[in-house]
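Accompanying notes for the structure given below.
The values are calculated or read from the model by the stated rules, or taken from the named source; none is laboratory data. Just so it is clear, the structure is predicted and the values come from calculations on it, not from any experiment. A quick note on method: Cβ atoms are made from the backbone with ideal geometry, for glycine too, and the neighbour counts reach across all protein chains shown. To get the accessible areas, we keep the full protein, side chains included, count just its heavy atoms, and leave off ligands, DNA and RNA. Shrake-Rupley method; radii C 1.70, N 1.55, O 1.52, S 1.80 Å.
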Amino acid sequence: MSASSHADTAHIDYLLHLADNAVVLGQRNGEWCGHGPVLEEDIAMTNMSLDLIGQARMLYQHVATLIGDDATEDSLAYFRDAQVFRNYTLLELPHHGALVGYALDNRDYAVTIVRNFLYSSLMLLVWERLQNSSDTQLAAIAAKSIKEVRYHVRHAGDWLVRLGDGTSESHDKAQAALNHLMPYTQEFWTGSDFESIVATSGVGVDVSGLREAWEKQLQQTLSEATLQIPSTTGFITTGKQQVHSEHLTFLLEEMQSLARRHPEGVW
Amino acid sequence: MNGLTTTSRAPKSTAQAGGKGASETLSEIWRALETLTDPEIPVVSLREMGILRDVRGDALHGFEVVITPTYSGCPAMERIHDDVLATMQQLGHKASVVTQLAPAWTTDWMTAEAHEKLRAYGIAPPLACALSSTQADASDSTTHVLTFARRSATNQKIACPQCASDNTTEISHFGSTACKALYKCLACLETFDYFKPY
């Protein structure tokens with residue numbers, strides 16, 4: 001492969017990584033639609049899912065123009081399989097701790113809130129820098145997305161403090177969620193080929209350089225929430241490099257089944 | 001497809017159809033588009049909202065109407081796109097709608113008349129983005145929260161669109177649409193939507 005086609009492939013992979021992150025978390029959080037712990041949260045979570053799916057659409061539309069041929073936002077979202085998705089593994093996990101069943105009753109809002117905080121506070125930093133991307137369309141998408149992610153960080157941060165510094169039960173659940181999810185954030189800082197190529201070319205951002213700022217924000221909020229930062233050792237997940245947990249397949253099955261059953265369907 | 005395609009274009013001077021001046025045609029289009037509103041806020045025109053950005057082109061080659069989305073996932077955008085096309089068709093113009101992302105839409109573009117219309121409709125208009133606490137550093141966390149109390153309430157007073165009291169409180173940061181938060185007036189006890197700064 002020539003150097004320029006390497007760069008083109010990395011550019012597309014990077015945009016798909018950003019888009020897949022957004023669509024997978026948007027779909028996952030959309031599961032609370034009609035099942036939120038209180039009505040206001042039901043509405044908040046679906047509003048934020050709408051933002052994420054909107055961001056994913058803009059990114060997929062952009063990728064589709066770069067790929068050309070018959071690629072569309074729909075073909076990218078609905079007709080790719082789990083093993084080619086590039087989202088962080090963190091975002092595909094169900095709304096409950098490790099080793100519990102899949103039932104709706106087992107969902108734990110603390111897991112939802114902690115994940116949203118870990119991810120949206122990272123994206124606040126990423127979108128901020130991507131406003132200067134050499135890919136002007138990506139820069140334009142970043143300038144919109146950052147306005148939305150500010151609200152997401154605020155929402156998740158508020159709830160993290162309410163839960164952590166709330167009752168002993170809410171505190172324990174928030175801490176357990178943090179202990180469960182924190183190791184997955186190691187994937188943020190573990191480099192990959194496509195990320196280093198786009199960081200060098202100016203299309204993307206070197207995420208590992210954002211770690212200090214991210215940890216500072218986390219530390220501040222957790223201390224206000226009276227929660228402890230757990231250790232982040234152990235297995236490092238590889239979702240962005242297309243090796244996923246078993247959970248992504250189920251999520252995509254639900255998300256893609258209608259489009260696949262009725263291709264080109266309209267109403 | 002390596003060769004460049006050469007398109008022959010009519011000279012500019014003959015581009016006006018029907019003898020109508022270019023500026024006259026454009027103002028006619030702006031007037032017609034002024035009747036279009038955001039389907040979720042039917043009292044404010046697309047121009048006043050800052051969604052309708054530009055109309056360019058001419059009668060011969062067709063027009064381009066430039067719109068910009070509010071929130072990324074705003075479901076009203078497709079309806080707005082279709083409404084603009086339908087209006088241009090009614091006027092008998094060839095037209096396409098261009099969705100432009102940059103510069104990113106901001107509530108600061110909403111006109112003063114839009115603010116008044118929102119208030120009259122029962123929606124508190126947005127504060128300027130620079131004044132909004134969400135735009136500032138999240139370092140104003142001086143309140144120590146013991147229970148399920150609100151944490152980062154805005155310092156700004158949002159006036160109730162019903163009774164104008166600024167004794168109001170945020171119920172939820174996310175309301176009936178992506179662009180609004182839900183507030184309650186502690187004076188008249190009515191709940192109301194607040195258009196969030198974006």
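Within the protein assembly as shown, what percent of beta bridges assigned by DSSP are antiparallel, to the nearest 5? The antiparallel fraction comes to roughly 70 percent. Pairs exceeding a 26 Å alpha-carbon distance, out of A:216/B:184; B:20/B:117; A:216/B:157; A:144/A:173; A:173/B:180; B:117/B:157: A:216/B:184; B:20/B:117; A:216/B:157; A:144/A:173; A:173/B:180.
Counting, for every residue in A:33-43, the Cβ atoms of other protein chains within 10 Å of its Cβ and taking the mean gives 2. Largest GNM mean-square fluctuation across A:245, A:168, A:208, computed for chain A with C-alpha springs under 10 Å, falls on A:168. Peptide B:160-173 shows a mean partner chain C-beta count of 1 within 10 Å per residue C-beta. In sequence order, segment B:95-105 has phi-based couplings of 8, 10, 10, 10, 9, 10, 8, 10, x, 5, 3 Hz under the Karplus curve 6.51 cos²θ - 1.76 cosθ + 1.60, θ = phi - 60°, and Gly or Pro positions carry x.
Peptides B:160-169, A:7-16 ranked from most to least packed, by the mean per-residue count of other Cβ atoms within 10 Å: A:7-16, B:160-169. Packing around the peptides A:129-138, A:249-258, A:174-183, taken as the average count of other Cβ atoms within 10 Å per residue, puts them in this order, highest first: A:174-183, A:129-138, A:249-258.
Take the Cα pairs of chain A, get the Kirkwood Rh, then feed it into Stokes-Einstein at 4 °C and 1.567 mPa s and tell me D in µm²/s.
Numbers: Rh = 18.9 Å.
The diffusion coefficient I find is 68 µm²/s.
Tally up the carbon and sulfur contribution to the accessible surface of segment A:111-153 as a whole percent, 1.4 Å probe, everything protein left in place. Walk me through the intermediate numbers first.
Working: 450 of 1010 Å².
Its accessible area is 44 percent carbon and sulfur atoms.
Given a Förster distance of 45 Å, report the FRET efficiency between residue B:32 and residue A:98 from their Cβ-Cβ distance, rounded to the nearest 0.05. Efficiency at R0 = 45 Å is approximately 0.15.
Across segment B:106-120, rounded Karplus estimates of 3J(HN,Hα) from the backbone phi angles (6.51 cos²θ - 1.76 cosθ + 1.60, θ = phi - 60°) give 9, 5, 5, 7, 5, 6, 4, 5, 5, 4, 5, 5, 4, 4, 5 Hz, Gly and Pro being marked x.
Hey, got the average number of other protein chain Cβ atoms within 10 angstrom for residues in B:69-77?
Details: counts 3, 3, 9, 16, 15, 3, 2, 0, 1.
For this peptide, the per-residue mean of nearby foreign Cβ atoms is 6.
The phi-based Karplus calculation (6.51 cos²θ - 1.76 cosθ + 1.60; θ = phi - 60°) puts the 3J(HN,Hα) values of segment A:202-214 at x, 6, x, 10, 7, 4, 5, x, 9, 4, 5, 5, 5 Hz, whole numbers, x for Gly and Pro. Only helices enter this figure: runs of n ≥ 4 DSSP H residues, each worth -39500 (n - 2.57), summed and divided by the residues of the protein assembly as shown, yield -15000 deg cm²/dmol at 222 nm to the nearest 500.
Dividing the C-alpha radius of gyration of segment A:146-240 by 2.2 N^0.38 Å, with N its residue count, gives 1.24.
The long axis of helix A:247-261 is offset from the longest Cα principal axis of chain A by roughly 50 degrees.
How many square angstrom of accessible surface are buried between A and B, both sides summed, with a 1.4 Å probe and rounding to 100?
On the way: alone 12950 and 11900 Å², together 21820 Å².
Counting protein atoms only, the buried area is about 3000 Å².
In the context of the full set of protein chains, residues of the protein assembly as shown present 47 Å² of accessible surface per residue (probe radius 1.4 Å, heavy atoms only).
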